[in-house]
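Engineer: The following block contains the structure, expressed as structure tokens.
Nothing in this text is a laboratory measurement; each read-out follows from the coordinates by a stated rule. Everything numeric in this text was worked out from a predicted model, so none of it was measured. So basically every Cβ, Gly included, is an ideal-geometry build from the backbone, and we count neighbours across all protein chains shown.
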Amino acid sequence: MSNRSGKKANQQTGNRRNQKGAEHRDHTEAPTGDSSTSSRSDYLHPKNHCEATCKTEKDWWDRMKPFVEIAGGLFLLVYTIFTIFMWSANSKAANAAKEASETAARQLEISERPWIRFRSSEKYDTPIQISAGKGLDVPGQFINTGKTPALHVRATVFVQIVGPGNDADLPGKNQPIPEPGKPFPKGGYHDQLIPPQFDWSPALYPSQYTQFTVFQVMGPYNGRNIPLAITNSQYQNLRQGKSYVAVWGEVWYQDIFGVNHWSKFCKAGRPPWKVPDAPSKKCVEYSDVDNNE
């Protein structure tokens, strides 16, 4: 009985010790568990903060990104349009400058170019002499009224006695007259007459002139060109003012810039031809000059 009581007392004492040891372990381990949890919390806290902050920033950029892209697109469009307008303005300015330069060059060439003009006998007091049975000789001049020399001057000149009620047998406005050394086309006044042709080289300077005489010439006869004599009826009509003399042709030359020029002329008058007074509208309309630049 005493042994049972002792065992029971020992068991109670051991249980109390185990309970105290468990409590002691609980108190001993509790700080360790709290410290580990606290450390993990301290370690994980910054990550949770970054995630929240980064997510906020990302949400802001996602919202703003379409507007930024639209703004960038609009800026690019405006810049492109501005560039096109600038290019167009520069191109127009360049074209205007080029045209101004070309216009100035043309004006310089026109103002400085030579001008060859036919001058008939009334200008230098050399009257036409007419006699029945003799040839018709008409003096004339080509004078350079321009500012620079005329190069390679050559001319083809016709002289014709125009009968009562008729007009000069001039070629059409666009019908060319052959230069010296070139054949004449068939048809017209020049089939019966050979016109004098002239070739002056190397140059005709400003205010300088070349003087010559044109005359009617028949076709070759025994290898010679025969002057065409004035008939009695032609002589009488000329003396009475019923007929007149027409001198017409074309002159070709080149300027110092290498540009080719030409001048068509026609003079109509009655002997002694102090004044070209013949009423020939066709003769007036025939005269023309080039506009080559």
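Engineer: How much length is gained if the chain between Glu285 and Ala104 is pulled fully straight, taking 0.36 nm per residue apart and subtracting their Cα-Cα distance, in nm to one decimal?
Structural biologist: Between Glu285 and Ala104, full extension yields an extra 62.1 nm.
Engineer: Assuming R0 = 41 Å, what is the FRET efficiency of Ala94 and Asn260, from their Cβ-Cβ distance, to the nearest 0.05?
Structural biologist: Result of the calculation: an efficiency of 0.85.
Engineer: In debye to the nearest 20, how big a dipole does the range 57-98 give about its Cα centre with +1 on each Lys and Arg Cβ and -1 on each Asp and Glu Cβ?
Structural biologist: 360
Engineer: For labels at Ala229 and Asp199 in the simple 7 Å Cα→Cβ model, what's the distance in nm?
Structural biologist: 3.3
Engineer: Which one of Gly165, Ala97, Thr148 is farthest out on the positive end of the charge dipole of the range 89-165, using unit charges on Cβ (Lys, Arg +1; Asp, Glu -1) and the Cα centre as origin?
Structural biologist: So the residue we want is Ala97.
Engineer: Oh, and also: With r as the distance between the Cβ atoms of Trp60 and Glu293 and R0 = 51 Å, compute the FRET efficiency 1/(1 + (r/R0)^6) and round to 0.05. If you can, show how the numbers build up before the last one.
Structural biologist: Working: r = 70 Å, r/R0 = 1.38.
Working from the Cβ atoms, E equals 0.15.
Engineer: Here's something else I'd like to know. Would you list Ile70, Ile226 from fewest to most Cβ contacts within 10 Å? Before the final figure, lay out each step's value.
Structural biologist: Working: Ile70 10, Ile226 14.
The most exposed by this proxy come first: Ile70, Ile226.
Engineer: In addition: Once both labels are modelled 7 Å past Cα along the beta-carbon direction, what's the Ser207-Asn166 spacing in nm?
Structural biologist: 4.3
Engineer: Another question about this same structure. Between Gln175 and Ser111, what length comes free when the chain is fully extended (0.36 nm per residue of separation minus the Cα-Cα distance, one decimal in nm)?
Structural biologist: Values: separation 64, 0.36 × 64 = 23.04 nm, distance 2.85 nm.
In short, 20.2 nm is gained.
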